[in-house]
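All remarks here apply to the structure that follows.
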Amino acid sequence: MEGRLCDNCRQIDFDITPDPNNHNYDFTKLSATPVDPKLENCSLCSLFIHHVLYPHGYRHTERGLQLYAERLSVVYGYDNFPRHLDGLAMYFATPPFIGRPEPVFSGYFVRLNTDRLSGSETQPGAIDYKVICEWLSLCSSTHCDCVNKHQSLDFHDIPGFRLIDCSTGTIIPAVQATEREYVTLSYVWGSSSNKSSPAATSWLPGSLPLVVEDAMKVIVGLGYRYIWIDRYCIAQDDPTIHDQIRSMNNIYSRSALTIVAAAGNDAEYGLPGVSSRTRSRQFIATCNEGRTKLTTVRPAEDEILRSKWGSRGWTFQEAVMAKRCLAFTNCNVFFQCQNTHTSDDWKLPPNTFGVPEKVYASGYPFHLLKRSKSYQDAWAAIGQYLRDLTYDSDALNAISGVLNSFPSGQVRFLYGLPISNTSDCSSHLTRADLTDLLDPSFAGLTRNDFYLPGDANMAVLVSALLWMSTWCIHTSKPHTECVRRKEFPSWTWAGWKTTEEWLTLFDVDTVNGPRLSDIDQSIRSTINITFGDSVLNWSDAREKILDLSDQGMIPSIMTIVGKVFDVKIRRCEDVRLRTVGFPWLIIWPPFLEAVVDQHPYKGPDTVHGAIYPPPHIFEEEPGQTQDLIALLLTVGKSSDDLRCKFLLLRPVEEGVNGPVYERVTSCMVTINKGKFMEWKKEQQSEAPLIQLRTMKVAIR
């Protein structure tokens, strides 16, 4: 689009460049006066209206928007990019009172085809295979950890492993392949196709979904011959089907490339730009007397992670395990390996491919597992995995490849819960800390109620059970679906699911994981797990229990003999807390009562000690109360606060030996020591603040 600029846009200096000596996330104001997005006869304003404003559902805006610019490498997610080769990303924002202006919309303007980092022109109906081949070649020649060719030489360790020969349309045993490299496809079937896998056959069917046809065209265009597609290469009647599912980590990690279909809602949508499905037209504005071409871009992770593909459970491990991904969106083709990333609507200056030594998390849409594969990395991966699944029974299968990639000497998994083999869970509490925790007025605990330093075997399980998930209610939408997965125990995250209506936050420290800190002391308990008629004690049979977990044997009950106390919670009644989802508040014991912070001008906006249990397990009208029990697992001390962590449990049925419970959530409550001492002086009785009793609790 070629046109004139309005008076405001004519003042913009498009030739400004980032300051190579400024190592901050510097930004520059490009327009001295607010830009008027209603002036459609201006090239730049029109670009903003049709490709930033309208796509976000706005027909007009009265905000005093001004045009800002910052380093393009920051927007693209690069780090350590050469400053003298960096470009500019321009965006609209309201002038801030202080600090960096935040973009009003998730769209940026970039210059096209400069000698710096910039945008690149693309064709809606064509893919430039030459450019993609250059990416792959540069990656292969410079990144030894991206392509481990020796791992692809032996297909015998994956029973029944088959490949599609794109030159003949036949499905062959992988051991018969004449070339060792193969490509994998990651996609969603959606509702338009039969999702079941066909019986074993040596030929592809005559009619294929468009995504399969397009993927085969792509790999031929890139010089490959073989592709692995789960629907055709894993037959439902194959006796080795479970071995292949457990080998997903090897299937994807050994492939030369994984094609990601990150556009559309089903397999008939295809790969935009490859055949009949065209990409979105790139809108280009020419200004600055013809010297400057501008277009709009969005960070690749926005397109990929907001797609249907980005919401599905199975696709997570497919992209995580892949060493190299090539994603097709409606806007671009995006490439990511273990060391860098790029896209066909970006233009990298010569000799800068792979220059960044690392990237920001926002730059990589595909979660990368750290090479250390530690206990903390396991929790980080699980936090990224929580997505939609068509079948609840797939909750663990869909991440089994990722979990199996962790060395068993460091981490094992109890129905999805990471169990560390290396954690040091010994206590480092000082004598003064222990004195506070053993105060009879606090919880009536004695030294015999704590695990000793040598009891790390028990403490790591206690740590894993304290995972936390927070459900925040979107009150503008009706909620009809329960989030409980009955196929799995309630004490593991796999026993719960997320939906579009519920924002689930996996509240785990991705640096340290939910391990016992050096100021937490776990409470002694006895833990048994029941499989059919067999009851196994965790302390004595840990390895056998973990082996049964690896084999997919689902336990019926976990029984814990430990310290419990009664808790009453109430649904918050304050309508001003609608934005935080009407949390539940602890109202008993009274000293654990949640506190609603009052903002001096806005009213209550923060709740300390609030509980966000899974939806639909309680009556959810404001003012409703529920009686629960709390299983105390750890106590600790931080500064002047005493702290306790516990599981909230609710009775769900009457068992042979008493009530059977389900996990509601985990909680951490802090008690100010000063206030505790004041309470202690005021008490007439000798009853402790937290009145514990020993109880045998059965949790399903």
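Out of (1) part of a loop (DSSP other than H, G, I, E, B); (2) of a type in the set (Ser, Thr, Tyr); (3) under 22 Å from HIS341 (Cβ atoms), what's the single condition that is false for THR201?
Here THR201 clears every test but (3).
With the structure loaded, tell me whether PHE316 is in contact (Cβ under 8 Å) with a residue 60 or more places away in the chain, out of contact with any Ser or Thr (no Cβ under 9 Å at 6 or more places or on another chain) and either within 25 Å of TYR78 (Cβ to Cβ) or among the small types (Gly, Ala, Ser) (or both) or whether it fails that test.
yes
The conditions are (1) out of contact with any Cys (no Cβ under 6 Å at 6 or more places or on another chain); (2) in contact (Cβ under 8 Å) with a residue 24 or more places away in the chain; (3) in a strand (DSSP E or B), and PRO651 fails exactly one of them. Which is it?
Exception for PRO651: condition (2).
So which of VAL535, VAL462 ends up being modelled with pLDDT of 85 or more and crowded, with 21+ Cβ neighbours inside 10 Å?
The unique qualifying residue is VAL462.
In region 285-316, what count of residues is obtained for those that are polar (S, T, N, Q), farther than 30 Å from PHE14 by Cα and in contact with a Leu (Cβ under 9 Å, 6 or more places away or on another chain)?
Count: 1.
Just for strands (runs of 3 or more DSSP E) wholly inside region 26-111: which have at least 1 residues that are buried (at least 19 other Cβ atoms within 10 Å of the Cβ), small (Gly, Ala, Ser) and at pLDDT 75 or above?
66-71, 88-93
Evaluate the following for THR240: is it more than 22 Å from SER275 (Cβ to Cβ), modelled with pLDDT under 90, in contact with a strand residue (DSSP E or B) (Cβ under 8 Å, 6 or more places away or on another chain) and not charged (D, E, K, R)? Reasoning before the result, please.
Details: more than 22 Å from SER275 (Cβ to Cβ): yes; modelled with pLDDT under 90: yes; in contact with a strand residue (DSSP E or B) (Cβ under 8 Å, 6 or more places away or on another chain): no; not charged (D, E, K, R): yes.
It is false that THR240 is more than 22 Å from SER275 (Cβ to Cβ), modelled with pLDDT under 90, in contact with a strand residue (DSSP E or B) (Cβ under 8 Å, 6 or more places away or on another chain) and not charged (D, E, K, R).
Looking at ILE234, ILE284, ILE219 in this structure, which one is modelled with pLDDT of 80 or more, more than 32 Å from the chain's Cα centre (by Cα) and of a type in the set (A, V, I, L, M, F, W, C)?
ILE284
Every residue in region 651-666 that is over 21 Å from LYS568 (Cβ atoms) and polar (S, T, N, Q), please.
Within region 651-666, ASN657 is the sole residue that qualifies.
What's the number of the condition GLN684 fails, among (1) in a loop (DSSP other than H, G, I, E, B); (2) modelled with pLDDT of 75 or more?
(2)
For region 387-401, give me each residue that is surrounded by 20 or more Cβ atoms within 10 Å (Cβ to Cβ) and at pLDDT below 85.
GLY401, the sole residue that qualifies.
Of the conditions (1) under 30 Å from GLY636 (Cα atoms); (2) of a type in the set (Gly, Ala, Ser); (3) modelled with pLDDT of 90 or more, SER556 fails just one. Which one is it?
Answer for SER556: the failing condition is (1).
Taking only region 560-603 into account, find how many residues are surrounded by fewer than 19 Cβ atoms within 10 Å (Cβ to Cβ), at pLDDT 85 or above and β-branched (Val, Ile, Thr).
Residues that pass the stated criteria total 1.
So LYS293 fits all but one of (1) outside any helix (DSSP H, G or I); (2) modelled with pLDDT of 85 or more; (3) of a type in the set (D, E, K, R); what number is the exception?
With (1) outside any helix (DSSP H, G or I); (2) modelled with pLDDT of 85 or more; (3) of a type in the set (D, E, K, R) applied to LYS293, the lone miss is (2).
If we keep just the residues of region 660-681 that are of a type in the set (A, V, I, L, M) and part of a strand (DSSP E or B), which is surrounded by the most Cβ atoms within 10 Å (Cβ to Cβ)?
Only one residue tops the list, namely VAL664.
When you check VAL635 against the structure, is it under 19 Å from ASP566 (Cα atoms), over 31 Å from the mean Cα position of the chain (by Cα), at pLDDT 75 or above and not in a loop (DSSP other than H, G, I, E, B), yes or no?
No: the conditions fail for VAL635.
The values are calculated or read from the model by the stated rules, or taken from the named source; none is laboratory data. All figures in this text were calculated on a predicted structure; none of them were measured in a lab. Ideal geometry is used to build each Cβ from the backbone, glycine not excepted, and the neighbour counts take in all protein chains shown.
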